[in-house]
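Q: Pasting in a structure now, in structure tokens, and then I'll have a few things to ask.
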Amino acid sequence: MTQNPPAAVRPRLSFKLERWHRRAIYTTGAVLLASGAAWLVLRYFLRPVSEFGETVNPFEPWAMKLHGLAAMVALFFMGSLIHVHIRRALKSGRNLVTGWMMIATLLLLALTGYGLYYVAGEADRPLWSAVHWIVGLAVAGLFVLHIVVGRKSVQ
């Protein structure tokens, strides 16, 4: 692995996203966070009780469907960042710590989301789920941190 050049010799590349791209990523992230949080609330706090005990909230499957759709869109937009944003950030050596943290965290979310559908059995599903939603809630803060650190590195 090569070392980054000193700040004085680093190229001054712009890797700021276009407005439509930035808004699409922000909107997709907001829908992911809102639908995932809605599922958590519906699943653990708003379960209707019938004569047979607790039942599934009728909005719970819809929150999950919206979350899955937003996840597909998010994967598309994360891939779209590779060419301009990530590649240029690596070349300029700016905001690398939070950038790599974002990549690792989003990869973990993609893997645990995939695992919940295709790998997890009934016995280990609660563990996969807990990891997924804890990391999913934490990524919102990391995302904000990445933006703040990135904007400060430009000044």
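Q: Of the conditions (1) free of Cβ contacts under 8 Å to residues at least 12 places away in the same chain; (2) open to solvent by less than 70 Å² (accessible area, probe 1.4 Å); (3) within 22 Å of LEU42 (Cβ to Cβ); (4) acidic (Asp, Glu), ASP124 satisfies every one except a single condition; which number is it?
A: (3)
Q: Here are some conditions: (1) at pLDDT 85 or above; (2) open to solvent by 40 Å² or more (accessible area, probe 1.4 Å); (3) part of a loop (DSSP other than H, G, I, E, B). ASN57 meets all but one. Which one does it not meet?
A: ASN57 satisfies all of (1) at pLDDT 85 or above; (2) open to solvent by 40 Å² or more (accessible area, probe 1.4 Å); (3) part of a loop (DSSP other than H, G, I, E, B) except (2).
Q: Looking at VAL131, VAL84, which one is within 19 Å of GLY29 (Cα to Cα) and part of a helix (DSSP H, G or I)?
A: VAL131
Q: Applying the selection to segment 130-155, what residues are polar (S, T, N, Q) and at pLDDT 95 or above?
A: Matches in segment 130-155: none.
Q: Which is modelled with pLDDT of 90 or more, surrounded by 14 or more Cβ atoms within 10 Å (Cβ to Cβ), within 21 Å of the chain's Cα centre (by Cα) and at negative phi, of LEU90, LEU66?
A: LEU66
Q: Test TRP100 against the stated conditions and say whether it is modelled with pLDDT of 90 or more, open to solvent by 80 Å² or more (accessible area, probe 1.4 Å) and out of contact with any Lys or Arg (no Cβ under 8 Å at 6 or more places or on another chain).
A: yes
Q: Additional query: How many residues, within segment 103-120, are outside any helix (DSSP H, G or I) and open to solvent by 30 Å² or more (accessible area, probe 1.4 Å)?
A: Total satisfying the criteria: 1.
Q: Of the conditions (1) surrounded by 17 or more Cβ atoms within 10 Å (Cβ to Cβ); (2) touching a residue at least 60 places away in the same chain (Cβ under 8 Å), VAL84 fails just one. Which one is it?
A: Result: VAL84 fails condition (1) only.
The values are calculated or read from the model by the stated rules, or taken from the named source; none is laboratory data. Bear in mind that the values here come from a model prediction, so they are computed numbers and not experimental data. Ideal geometry is used to build each Cβ from the backbone, glycine not excepted, and the neighbour counts take in all protein chains shown. Calculation scope for accessible area: heavy atoms of the full protein, side chains included, ligands and nucleic acids excluded. Shrake-Rupley method; radii C 1.70, N 1.55, O 1.52, S 1.80 Å.
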